[in-house]
1. Is the range 12-26 home to any residue that is more than 18 Å from residue 104 (Cβ to Cβ) and either part of a helix (DSSP H, G or I) or without any contact (Cβ under 8 Å) to a residue 60 or more places away in the chain (or both)?
2. How many residues, within the range 33-50, are closer than 15 Å to residue 83 by Cβ, free of Cβ contacts under 8 Å to residues at least 40 places away in the same chain and touching a helix residue (DSSP H, G or I) at 6+ places or on another chain (Cβ under 9 Å)?
3. Out of 40, 32, I need the residue that is under 13 Å from the mean Cα position of the chain (by Cα) and either over 20 Å from residue 109 (Cα atoms) or modelled with pLDDT of 95 or more (or both). Which one?
4. So, in the range 99-113, exactly how many residues are crowded, with 16+ Cβ neighbours inside 10 Å and free of Cβ contacts under 8 Å to residues at least 40 places away in the same chain?
C-alpha cells in the first residue's frame with residue numbers, strides 16, 4: 001500500500017483545492033449551491049480519488065481511481081471556462097487556476113500509463 005501523501009500529483013491536487021476554495025469565496029452568493037459547489041467538489045474529487053486508489057492496494061484499482069481523478073480534472077477545466085466566461089474569474093485568475101489542472105491531468109495520465117505498463121509486464125511474466 002502506497003502513501004498518497006508521497007505522490008507529487010496528490011500534493012499538487014491538494015494545493016489546487018485549497019486555492020480553489022479561496023477563489024470561489026468571491027463568487028456570487030446565488031452560485032453557492034451550483035457552480036461554486038461543483039468546482040469545489042471536482043477539485044476535492046481529484047485528490048480524494050488519488051488517495052482512495054492508493055489505499056486499495058491493487059494496481060488495477062489504483063489505475064481505475066486515477067482515471068476517475070483525470071475525469072474530474074477535465075470537468076474542472078470545463079467549470080473554470082464557465083466561471084471565466086461568466087466573469088466570476090478574471091482571465092488572470094483563470095490562468096492561475098487552470099494551468100495546474102492541465103499539469104495534474106498530464107501527471108495522472110503518465111502515472112496511469114506507468115501502472116498499466118507494469119501490470120502488463122507482470123501479467124506477461126506470469127504466463
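The values are calculated or read from the model by the stated rules, or taken from the named source; none is laboratory data. Fair warning: this is a prediction, and the values are worked out from it, not measured in the lab. With ideal geometry, Cβ positions are generated from the backbone for all residues, glycine too; neighbour counts draw on all protein chains shown.
1. So the first thing to find is which residues in the range 12-26 are more than 18 Å from residue 104 (Cβ to Cβ), and the list is 25-26.
Still in the list and also either part of a helix (DSSP H, G or I) or without any contact (Cβ under 8 Å) to a residue 60 or more places away in the chain (or both): 25.
Among the residues of the range 12-26, at least one is more than 18 Å from residue 104 (Cβ to Cβ) and either part of a helix (DSSP H, G or I) or without any contact (Cβ under 8 Å) to a residue 60 or more places away in the chain (or both), which makes the answer yes.
2. Qualifying residue count, the range 33-50: 6.
3. Working: 32 fails: under 13 Å from the mean Cα position of the chain (by Cα).
After ruling out the rest, the residue left standing is 40.
4. At the first step, the residues of the range 99-113 found to be crowded, with 16+ Cβ neighbours inside 10 Å are 100-101, 104-105, 107-108, 111-112.
Those left that are additionally free of Cβ contacts under 8 Å to residues at least 40 places away in the same chain: 105.
So the answer is 1.
Listed here are the residues, each with its yes/no results for (1) free of Cβ contacts under 8 Å to residues at least 60 places away in the same chain; (2) within 13 Å of the chain's Cα centre (by Cα); (3) surrounded by 13 or more Cβ atoms within 10 Å (Cβ to Cβ); (4) part of a loop (DSSP other than H, G, I, E, B).
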| position | (1), (2), (3), (4) |
| --- | --- |
| 52 | yes, yes, yes, no |
| 63 | yes, no, yes, no |
| 71 | yes, yes, yes, no |
| 82 | yes, no, yes, no |
| 88 | no, no, yes, yes |
| 97 | no, yes, yes, no |
| 120 | yes, no, no, no |
